[in-house]
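Colleague: Before I ask anything, here is the structure I am working with.
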């Protein structure tokens with residue numbers, strides 16, 4: 001069994017996978033930690049340290065075997081199988097998420113959706129019939145849901161997340177703009193568009209200063 | 001004038017700001033690069049290197065002054081003012097973005113919205129009147145839009161982004177799940193929920209292996 005991988009290293013692996021997939025598509029077979037570091041804006045040391053958790057991929061002088069490292073990281077991240085998702089909250093945001101075309105090609109399938117509104121329950125959205133929130137716990141088990149996506153208003157987010165935790169869900173993606181609490185054995189990731197915006201204002205502020 | 005800051009360093013600043021704001025709220029006045037590194041999962045070296053671009057915040061033995069560093073980074077990122085955003089595409093996703101309560105408290109205000117559908121144009125959503133896509137270029141200038149948020153279907157994203165670039169927009173946040181191309185002087189950030197999901201499947205894959 002592998003040794004414990006720090007969370008922050010795990011959190012960087014999807015970025016490595018995306019970058020390596022691009023290299024692979026460009027027919028680049030080997031890359032050294034210096035060039036990888038340049039690509040990801042990290043020191044070669046940090047890259048070597050990150051990847052050392054997963055075995056010996058590098059070869060002195062030649063660098064990392066792109067295809068091998070990519071396939072290994074995909075396997076480590078569990079991207080070699082399909083994951084089942086449930087959407088909780090089928091308002092505007094929930095529907096937009098169910099419309100999103102980027103999930104299935106990368107191994108994420110929406111198998112269930114829940115709402116508490118009478119006028120929504122029973123309707124079919126993107127091929128999935130919306131169920132009553134009251135059915136959440138049994139449906140999550142029956143449909144073998146791996147990941148829940150929370151798209152309810154902020155005021156309801158914590159309550160919904162607590163319900164998901166009770167139903168046994170261990171991975172939650174939260175779109176509501178609130179901090180939410182989960183037990184230690186549950187993973188909670190948040191979609192925060194403001195972080196992406198804040199990375200751009202740096203350049204705007206600069207260009208306006210010298211306008 | 002400051003020296004050129006590498007893009008990847010800039011991209012990490014919002015994370016530093018968020019972390020420092022939490023420390024500040026917890027009444028922590030000083031923190032050293034080792035503890036910061038632990039918090040962000042980076043080597044103390046990398047932290048010191050990142051922050052060294054912005055002047056001398058650290059003091060030997062005492063660490064960084066949290067309030068000072070936070071205020072300085074906020075200023076560097078341009079977070080000490082309000083930014084004006086336009087939403088392009090007012091379908092489900094666009095409306096969900098306009099409903100989002102997390103923008104205004106962190107300095108981002110939606111001042112314009114555009115769509116090409118006759119039955120949407122002229123309607124008011126979250127206090128903003130939807131305008132015809134044909135008015136985009138003049139409205140962007142009149143309303144001094146700093147940042148555009150693209151929420152159109154994938155097939156239309158590149159066309160809309162080209163139009164935004166022609167109108168003089170320098171910062172674009174793209175929600176469409178496609179790679180898009182922009183000139184070198186335009187910043188394009190993408191919201192990719194799959195990257196967040198991929199960071200969680202690692203733990204799911206592990207727990208299922210040993211179930």
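Where a number appears in this text, it was derived from the coordinates with a stated rule and is not lab data. Predicted model only: the values in this text are computed from it and were never measured. Virtual Cβ from ideal backbone geometry, glycine too; neighbours counted across all protein chains shown.
Colleague: Take the residues in the stretch B:3-17 that are within 26 Å of residue A:193 (Cα to Cα) and surrounded by fewer than 17 Cβ atoms within 10 Å (Cβ to Cβ), then tell me which one is farthest from the chain's Cα centre (by Cα).
Modeller: Across the stretch B:3-17, the extreme among qualifying residues is B:4.
Colleague: Out of the residues in the stretch B:164-180 meeting the condition of being in a helix (DSSP H, G or I) and touching a helix residue (DSSP H, G or I) at 6+ places or on another chain (Cβ under 8 Å), tell me which one is nearest to residue A:175 (Cα to Cα).
Modeller: This residue is B:164.
Colleague: Pick out the one residue from A:177, A:105 that is in contact (Cβ under 8 Å) with a residue 12 or more places away in the chain, closer than 30 Å to residue B:155 by Cα and within 11 Å of another protein chain (Cβ to nearest Cβ).
Modeller: Unique residue meeting the criteria: A:177.
Colleague: Restricting to the stretch A:138-154, name every residue that is assigned to a helix (DSSP H, G or I) and either at the interface with chain B (Cβ under 10 Å from one of its Cβ atoms) or on the phi > 0 side of the Ramachandran plot (or both).
Modeller: Across the stretch A:138-154, the qualifying residue is only A:154.
Colleague: I'm trying to understand the selection: among the residues of the stretch A:181-211, which are out of contact with any strand residue (DSSP E or B) (no Cβ under 6 Å at 6 or more places or on another chain), part of a loop (DSSP other than H, G, I, E, B) and farther than 20 Å from residue A:84 by Cα?
Modeller: A:181, A:183, A:184, A:192, A:210, A:211
Colleague: Is it the case, given these coordinates, that residue A:161 is within 16 Å of residue A:90 (Cβ to Cβ), in contact (Cβ under 8 Å) with a residue 24 or more places away in the chain and more than 8 Å from chain B (Cβ to nearest Cβ)?
Modeller: Taking the combined requirement at face value, the residue does not satisfy it.
Colleague: OK, next. Take residue B:42 and decide whether it is facing chain A (nearest Cβ under 10 Å) and within 22 Å of residue A:203 (Cα to Cα).
Modeller: No: the conditions fail for residue B:42.
Colleague: Right, residue A:77: at the interface with chain B (Cβ under 9 Å from one of its Cβ atoms) and closer than 25 Å to residue A:105 by Cβ or not?
Modeller: yes
Colleague: Let me spell it out: the conditions are (1) crowded, with 21+ Cβ neighbours inside 10 Å; (2) under 19 Å from residue A:168 (Cβ atoms); (3) more than 15 Å from the chain's Cα centre (by Cα), and residue A:95 meets all of them except one. Which number is the exception?
Modeller: The one condition residue A:95 does not meet is (2).
Colleague: Test of understanding: among B:35, B:26, which residue is surrounded by fewer than 17 Cβ atoms within 10 Å (Cβ to Cβ), away from chain A (no Cβ under 13 Å) and closer than 16 Å to residue B:62 by Cα?
Modeller: On inspection, the qualifying residue turns out to be B:35.
Colleague: Continuing with the same structure: Kindly indicate the residue of the stretch A:108-149 that is more than 22 Å from residue A:168 (Cβ to Cβ) and touching a strand residue (DSSP E or B) at 6+ places or on another chain (Cβ under 6 Å) and also surrounded by the fewest Cβ atoms within 10 Å (Cβ to Cβ) among those meeting that condition.
Modeller: Ranking the qualifying residues of the stretch A:108-149, first place goes to A:123.
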